[in-house]
Each structure stands twice: as C-alpha cells, then as structure tokens.
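Inspection log for the structure reproduced underneath, given as structure tokens.
The values are calculated or read from the model by the stated rules, or taken from the named source; none is laboratory data. Bear in mind the structure is a predicted one, so any value in this text is a computation, not a measurement. In this analysis, Cβ positions are derived from the backbone assuming ideal geometry, glycine residues included, and neighbour counts consider all displayed protein chains. Each accessible area value is taken on the protein alone, full model and side chains, heavy atoms only, with ligands, DNA and RNA left out. Shrake-Rupley method; radii C 1.70, N 1.55, O 1.52, S 1.80 Å.
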Amino acid sequence: MKTGIFGGSFNPVHKGHIHLAESVRDELGLDRIFLVPSGISPHRSSAEYASAEDRLEMLRLACKGKRGLEVCDFEVKSSRISYTIYTIEHFRQSFPDDELFLLAGSDMLLSFDQWYRYRDILANAVLAVVSREDGDSVILAEKAEKLSEFGQIIVCKAPPVMVSSTKIRKKIAKNEDWSCYLDENVVQYIRLKGLYGRDEVSF
C-alpha cells in the first residue's frame with residue numbers, strides 16, 4: 001500500500017492544503033494520506049497556534065468525504081518536539097510493509113538538508129515535493145538532484161495554490177473576508193469557537 005504523510009501546523013487547515021493532498025494522491029497513485037498536525041513545533045512559538053483539539057477537529061471537518069484523506073493525532077499526543085523523523089518512524093512501525101511518501105512544500109525542500117536526521121527520513125520515505133510558487137522548478141530540480149544520493153525525491157506537477165494560514169489568520173483578526181479560503185464546515189467551526197480573534201457567536 002502507498003501511504004502519504006502530510007505534516008504541518010494546519011492553523012487553520014485551508015483549501016490549499018486539501019488541494020495539495022488530493023493532487024499528490026492522484027498523481028502518485030497513493031492509497032491514503034494521513035494529515036498530521038504538529039504538536040510542539042521546533043520552528044514556531046506555540047502562542048501562534050489554536051489548540052491541538054481545535055486543529056484536529058478542523059482537519060476532520062475538512063477531510064470529511066474526501067477519498068483517502070485521514071487525520072492522525074500522533075504528533076499532538078506526543079510530549080516531544082515534532083521532528084519529522086519521529087513521525088516517519090511511527091508510520092514505519094505501524095505500517096511496516098507500506099511504501100511511505102512524505103509530502104512537503106518547495107520551501108521545505110530547499111532547507112531539507114538542515115532538518116534533524118534528514119538522511120534517515122529519506123532512507124525511510126519518498127519525499128514528494130509540491131511547488132509553492134510559480135517559476136521555481138529549476139531550483140527544485142537542482143536541489144532534488146543534490147539530495148538524491150540519500151533517497152528518492154519526486155517533484156510533483158500540482159499547480160501552486162497561493163494561500164497561507166498566516167494570511168487567513170490576519171484576515172480573521174481584521175474581520176476581513178476570509179471564508180472563501182476554507183471549507184464551509186471549518187468556517188462555521190472558527191465562528192462558533194471564536195478562533196483567531198474572531199468573536200464567538202451562537203447559532
């Protein structure tokens with residue numbers, strides 16, 4: 001079985017995340033993709049985050065009815081910093097016979113050789129990279145070639161989606177239009193819970 005692993009803060013999960021997952025699923029013929037929200041990030045302040053419970057629930061809402069998309073709470077339940085190699089090892093132990101694919105944005109590939117135990121990641125999973133901006137295909141191909149001695153790297157053809165969770169959070173805080181970027185069930189959840197500076201509302 002081909003199993004994808006798509007990690008991130010998902011703070012909040014938006015249509016770009018789901019588009020990326022579905023595009024890679026179809027292009028590489030993956031049987032399933034687990035979306036794995038980060039727990040204790042090695043790169044970001046936890047003050048920027050909605051709670052793990054809220055981010056998990058928003059992911060479940062966004063993935064509902066989407067073929068092959070599942071949500072995994074491994075990282076948010078862990079007391080350790082969410083280094084990717086720990087997640088890869090968890091999936092390798094859980095699904096020893098599966099071919100694992102780690103989904104990553106192009107910005108992550110460019111700094112991938114600075115990741116904790118990056119060679120072990122490439123030894124255990126195919127790195128499936130998706131562009132996050134137009135015109136970066138040449139530099140991505142060069143970086144992939146440089147790292148290919150340690151494992152397989154695929155630069156996927158999915159077109160970039162120019163939206164970010166940071167942009168959405170800022171729009172919510174300023175009470176600007178933001179609902180078009182999110183699944184309608186996620187929009188309702190954010191409004192109900194009063195996340196990201198949005199005043200809580202009742203229905």
note = Counted residues in the range 172-183 being surrounded by 17 or more Cβ atoms within 10 Å (Cβ to Cβ) and farther than 20 Å from Gly105 by Cα come to 3
note = Within the range 106-121, residues in contact (Cβ under 8 Å) with a residue 12 or more places away in the chain, open to solvent by 10 Å² or more (accessible area, probe 1.4 Å) and under 19 Å from Ile88 (Cα atoms) come out as Met108, Asp113, Trp115, Tyr116, Arg117, Tyr118, Arg119, Asp120
inquiry  = Exactly one of these conditions fails for Tyr196: (1) assigned to a strand (DSSP E or B); (2) under 25 Å from Met58 (Cβ atoms); (3) not acidic (Asp, Glu). Give me its number.
reply    = (1)
query = Do you know which residues across the range 126-154 are touching a residue at least 40 places away in the same chain (Cβ under 8 Å) and either part of a helix (DSSP H, G or I) or under 16 Å from the mean Cα position of the chain (by Cα) (or both)?
reply = Ala128, Val130
request  = Just name the residue that is surrounded by the fewest Cβ atoms within 10 Å (Cβ to Cβ) out of those in the range 83-99 that are in a helix (DSSP H, G or I) and either hydrophobic (A, V, I, L, M, F, W, C) or more than 17 Å from the chain's Cα centre (by Cα) (or both).
outcome  = Gln93
request  = Kindly establish whether Leu102 is within 18 Å of Ile33 (Cβ to Cβ), open to solvent by less than 20 Å² (accessible area, probe 1.4 Å) and not small (Gly, Ala, Ser).
outcome  = yes
ask   = Before we move on, is Ile168 in a helix (DSSP H, G or I), crowded, with 19+ Cβ neighbours inside 10 Å and under 17 Å from the mean Cα position of the chain (by Cα)?
value = yes
ask   = Which numbered condition trips up Met108, out of (1) part of a helix (DSSP H, G or I); (2) in contact with a Pro (Cβ under 6 Å, 6 or more places away or on another chain); (3) not acidic (Asp, Glu)?
value = (2)
query = With (1) part of a loop (DSSP other than H, G, I, E, B); (2) farther than 29 Å from Leu195 by Cα as the list, and Met162 as the residue in question, which single condition is left unmet?
reply = (2)
request  = Working carefully through the options Leu182, Leu127, Leu122, Leu192, find the one that is hydrophobic (A, V, I, L, M, F, W, C) and more than 25 Å from Ser23 (Cβ to Cβ).
outcome  = Leu192
ask   = So, in the range 130-165, of the ones that are open to solvent by less than 50 Å² (accessible area, probe 1.4 Å) and touching a Pro at 6+ places or on another chain (Cβ under 8 Å), which residue ends up modelled with the lowest pLDDT?
value = Ser131
